[in-house]
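Structure, as C-alpha cells:
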Amino acid sequence: MNRVAHYLQEHLLGEVLTSTDARKYFSTDGGVFSVVPAMIVYPRNENDVRKVARFTWQLAERGRVIPITARGAGSDQAGAAIGTGIILGFMAHMKRIVEFDSRRGLLTVEPGANYAKVQQALHTHGRFLPPYPSSIDYATLGGAVANNAAGEKTIKYGATREYVSSLRVVLANGEVIQTKKLNKRELNKKMGQSNFEGEIYRNLDKLFEENQETINKIHLDVTKNSAGYDIVDVKKKGTFDLTPLIVGSQGTLGIVTEATFNTEPYNPKTVLIAAYFNDIETAKNAVLELRKLPEMPSAIEVVDENLLNFIDAHNPNQLKGIVDKPFHKLIVLVEFDNYNTRIKKRMAKRAIKILNSMNVEYEMQTEDEAKERLWKIRHSAAAVITHTEGKKKALPIVEDGIVDRKST
C-alpha cells in the first residue's frame, strides 16, 4: 500500500498520510464502528479528486480494489465516514464558499465548508439554509448533502434534498459531471454521449421506461424521508435530474466537489413558545393541532424528562436557571418566523389558544437572549450524544426514524 501512497503523493497537490496515528484517528466517526483506512488523502482541488478516482478505477480494472470514502467532519453516526481504503478528507483544503448570488439566493460551496461559518456568512446577506442539522457547528455542507441532513427547521422548510440545486460530481472513473434539471432536448443530448455520463443517463432512462409502475409505488407519503437513492424525484414534470439521486447516497454514487444550494430569507425576529406538559397524550394532541395551523411553525421540537434528568445528573449547570425541578414529562418548543409580523403574531396567538384550551403551562419569548435560553433546552441533547463513562459511550441505534402520526 505504501507504493500506492507514494504514487499518489507524487501526482497530487494535496497531502497523503499513512502514519499509524492518522489512520487510527480516521478509523472512527460519530458512531461506534471502527475501521482502519489504508491512507488519508487531503485533496486540494477537484483535479486531485479526479486523479484519485481515476487511479483506483485503473487498479480495479486489474483486479485490485481500493475503496474511496469521502469525509467531512466525521460526525456521521452510522459509519458513513469510515472505510478500509482511501479516506478523502475535505475539511483541510476544499472548504471555500465558491460563489454567492445574492439576487437569486444561490450559494455554491466546496464539500469541506463548515456549515456554521457558511450560515453566518448567509445571515449577513439576510439569507439562510433551513435544513441545518443539530451538528451545525462542526458539520460540513458536503456531509449534509451525503446525509440529506435535516434539523429543527425541517418541519416547515424540508430537508437538504429540497435545497440542492446542482452538484459537481466526480464519478468512479474520474469523469466530472454537473447535475441539474434537464429538459427533454438536453436529456437526449446527454444520452447521445459516448462517455460514462452518457451511459448513466441511457441506463437510467431505460430503467424508468421498464419500471415506471414500480418506481411510482416507491414514493412514501411521509413527513420526512432521509433515505438515499431517491430515484422517484429524478424524473418528473418534464425534467430529468440526477441531483436527488446523489443527495443522501453517502458518496457511493460519486464524490461531490461542489454543491449549489437555494437559500431562504432569514428572519431572526421570531416568536418562540415553550410549552410544558405533564401528560403525553395532551402533548400529542397539542402537536397535532399545531400542525393544522394555516402556516406551519418553523420548528416543533420535543425534549422529554429522561433527557433533562440525564443532563441534570451529569452537567447540572447546563440547565441552571432555565428549567426547574421536578422536570415536566415533555417540553415542546414551537417557533414562528414569518417575515410578515402580523401573520407571525396571529399564528403565535392561535398556538397559545390551543395550549390554553388544554390548560397547558407555557411561556412566550421574542427577545434574542430569552429565546437562546429556551433553545438551550433542546440543544443540550448534544451532551447525551457525546457523553462517555469510561469506555462506554452513547449508542446511536436509530437514525432519522419516523413514526406515522395517525398510529401514535
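The values are calculated or read from the model by the stated rules, or taken from the named source; none is laboratory data. All values reported here derive from a predicted model rather than from experimental measurement. Neighbour counts run over all protein chains shown; Cβ positions are idealised from the backbone, glycine included. Note: areas computed on protein heavy atoms with side chains; ligands, DNA, RNA excluded. Shrake-Rupley method; radii C 1.70, N 1.55, O 1.52, S 1.80 Å.
Only a single criterion out of (1) touching a residue at least 60 places away in the same chain (Cβ under 8 Å); (2) among the charged types (D, E, K, R); (3) not in a loop (DSSP other than H, G, I, E, B) is not satisfied by E210, namely (1). One residue stands out among those in segment 298-314 that are assigned to a helix (DSSP H, G or I) and under 29 Å from P268 (Cα atoms): the one that is most open to solvent (accessible area, probe 1.4 Å), which is E305.
If I filter segment 51-74 down to residues being in contact (Cβ under 8 Å) with a residue 24 or more places away in the chain and not in a helix (DSSP H, G or I), which single residue comes out as surrounded by the fewest Cβ atoms within 10 Å (Cβ to Cβ)? If we take residues in segment 51-74 being in contact (Cβ under 8 Å) with a residue 24 or more places away in the chain and not in a helix (DSSP H, G or I), then I66 is surrounded by the fewest Cβ atoms within 10 Å (Cβ to Cβ).
Being more than 16 Å from T140 (Cβ to Cβ), of a type in the set (S, T, Y), free of Cβ contacts under 8 Å to residues at least 24 places away in the same chain and assigned to a loop (DSSP other than H, G, I, E, B) is a condition met by no residue of segment 26-48. Being open to solvent by 80 Å² or more (accessible area, probe 1.4 Å) and of a type in the set (K, R) is a description that does not apply to K371.
Does F261 qualify as being closer than 25 Å to M91 by Cα and aromatic (F, W, Y)?
yes
When the strands (runs of 3 or more DSSP E) confined to segment 90-179 are screened for residues that are open to solvent by 20 Å² or more (accessible area, probe 1.4 Å), those reaching at least 3 such residues are found at 97-101. Just one of (1) closer than 30 Å to F55 by Cβ; (2) among the aliphatic types (A, V, I, L, M); (3) surrounded by fewer than 24 Cβ atoms within 10 Å (Cβ to Cβ) fails for A81. It is (3). Pairs meeting the criteria (first residue in segment 336-365 and without any contact (Cβ under 8 Å) to a residue 12 or more places away in the chain and within 19 Å of R291 (Cβ to Cβ), second residue open to solvent by 20 Å² or more (accessible area, probe 1.4 Å) and part of a helix (DSSP H, G or I), beta carbons under 6 Å, at least 6 apart or on different chains) are lacking. With respect to (1) more than 16 Å from V164 (Cα to Cα); (2) modelled with pLDDT of 95 or more; (3) out of contact with any helix residue (DSSP H, G or I) (no Cβ under 7 Å at 6 or more places or on another chain), the lone exception for E197 is condition (3). Here is the figure for segment 107-130: residues that are in contact (Cβ under 8 Å) with a residue 12 or more places away in the chain and either more than 21 Å from V256 (Cα to Cα) or over 18 Å from the mean Cα position of the chain (by Cα) (or both) total 7. For segment 240-256, the candidate set comprises residues that are buried (at least 19 other Cβ atoms within 10 Å of the Cβ) and among the hydroxyl-bearing types (S, T, Y); within that set, the residue that is modelled with the highest pLDDT is T243.
Applying the criterion of being charged (D, E, K, R) and part of a helix (DSSP H, G or I) to the residues of segment 266-284, the residue that is surrounded by the fewest Cβ atoms within 10 Å (Cβ to Cβ) is E281.
Would you call A22 hydrophobic (A, V, I, L, M, F, W, C), open to solvent by 10 Å² or more (accessible area, probe 1.4 Å) and touching a strand residue (DSSP E or B) at 6+ places or on another chain (Cβ under 7 Å)?
Working: hydrophobic (A, V, I, L, M, F, W, C): yes; open to solvent by 10 Å² or more (accessible area, probe 1.4 Å): yes; touching a strand residue (DSSP E or B) at 6+ places or on another chain (Cβ under 7 Å): yes.
Considered against the rule, which asks whether it is hydrophobic (A, V, I, L, M, F, W, C), open to solvent by 10 Å² or more (accessible area, probe 1.4 Å) and touching a strand residue (DSSP E or B) at 6+ places or on another chain (Cβ under 7 Å), A22 comes out as yes.
When residues in segment 215-239 are screened for being loosely packed, with under 11 Cβ neighbours inside 10 Å and part of a helix (DSSP H, G or I), 2 of them pass.
Candidates are the residues of segment 315-356 that are polar (S, T, N, Q) and either touching a strand residue (DSSP E or B) at 6+ places or on another chain (Cβ under 7 Å) or in a helix (DSSP H, G or I) (or both); the one that is least open to solvent (accessible area, probe 1.4 Å) is Q318.
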